[in-house]
């Protein structure tokens, strides 16, 4: 199979497809044609869901056994179910792993998940941390889901997170700082959006099906600064364009809390080709999902709010981000794909 294990790096799409063909990644149902991304695999919810009273790590136990300790009730997602904001759920994913030794995996929320303020984390049997999968892991995958601002409608097949597979220990090629754009130079004067507290339900499989005014409050330019209120959720954009070379992938990571009492970017994976001329994406911004902690914080234009960490791929992917269409290639300040364009 196309798995260049002699070179450390993140696996491209053709290697992920080879793992599927070899049975290292299996699923309850056939894989979707667009499920494998240039350097990641979208994961899908199954019908098995559980409302739990607390988040947890399984320790040395299986996730299914640990769920019984915190279970409130079981939910069947077959006909679609609303997951309420402020509640915690565990859902078994359709995909299962049987990783070869030497391969590890890491999960992250999809961009569309982070942009509606849904906090998700991957769980594995005997896992000691969220989102990380140990080498040689053989077992099921589960997703902790905690909607924060909006309640969400999900069903089997809904994709909330993605998996990135890695061979060896690739070097970090570069780390770039990411600033926030509060210049208001988009023409509309809108510098961001704040989530409405008492909005309706977001159907996560209904693309372009929601009026953004029912869910978001636009924020306009004021002296190049923005006061972040505790407990509120904001959508902002990076001040500089983001470009991911075709033989690399990147992850956006939060800044050190010592330089700001807020969390940026729940969804951190950037696939190869994002923002590049070759993939027709020049001029793409990074969209920032921002939530403050306990104190108000005054954010200024250009202020550093996150870091982009670049890593090599084991080989160039056979397709790039945005080829065949993308909701977020060439993006500026943009809400998730569930909302119609503002205007």
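The values are calculated or read from the model by the stated rules, or taken from the named source; none is laboratory data. Everything numeric in this text was worked out from a predicted model, so none of it was measured. Cβ coordinates were reconstructed from backbone atoms using ideal geometry, including for glycine residues, and neighbour counts include every protein chain displayed.
Is it true that residue 306 is within 24 Å of residue 172 (Cα to Cα), in a loop (DSSP other than H, G, I, E, B) and modelled with pLDDT under 90? Taking the combined requirement at face value, the residue does not satisfy it. When residues in the stretch 246-273 are screened for being at pLDDT 90 or above and out of contact with any strand residue (DSSP E or B) (no Cβ under 8 Å at 6 or more places or on another chain), 2 of them pass.
Screening residue 327 on (1) surrounded by fewer than 20 Cβ atoms within 10 Å (Cβ to Cβ); (2) more than 16 Å from residue 113 (Cα to Cα) shows it passes everything except condition (2). Within this structure, residue 136 fails the test of being out of contact with any helix residue (DSSP H, G or I) (no Cβ under 8 Å at 6 or more places or on another chain) and either at pLDDT 95 or above or not assigned by TED's automatic domain parsing to the domain that holds residue 26 (or both).
For the residues 8, 30, the requirement of being under 30 Å from residue 324 (Cα atoms), at pLDDT below 95 and under 24 Å from the mean Cα position of the chain (by Cα) singles out 8. Are any residues in the stretch 174-196 closer than 22 Å to residue 221 by Cα and either surrounded by fewer than 15 Cβ atoms within 10 Å (Cβ to Cβ) or in the same structural domain as residue 80 (by TED's automatic domain parsing) (or both), and if so, which ones? Residues satisfying the conditions are 183, 185, 186, 187, 188, 189. Regarding the stretch 210-221, can at least one residue be identified that is on the phi > 0 side of the Ramachandran plot, surrounded by fewer than 21 Cβ atoms within 10 Å (Cβ to Cβ) and modelled with pLDDT under 95? No, the stretch 210-221 contains no residue that is on the phi > 0 side of the Ramachandran plot, surrounded by fewer than 21 Cβ atoms within 10 Å (Cβ to Cβ) and modelled with pLDDT under 95. The selection criterion, being part of a strand (DSSP E or B), within 24 Å of residue 164 (Cβ to Cβ) and touching a helix residue (DSSP H, G or I) at 6+ places or on another chain (Cβ under 7 Å), does not hold for residue 45.
Being out of contact with any helix residue (DSSP H, G or I) (no Cβ under 7 Å at 6 or more places or on another chain) and under 26 Å from residue 269 (Cα atoms) holds for only one residue in 214, 229, 208, and it is 208.
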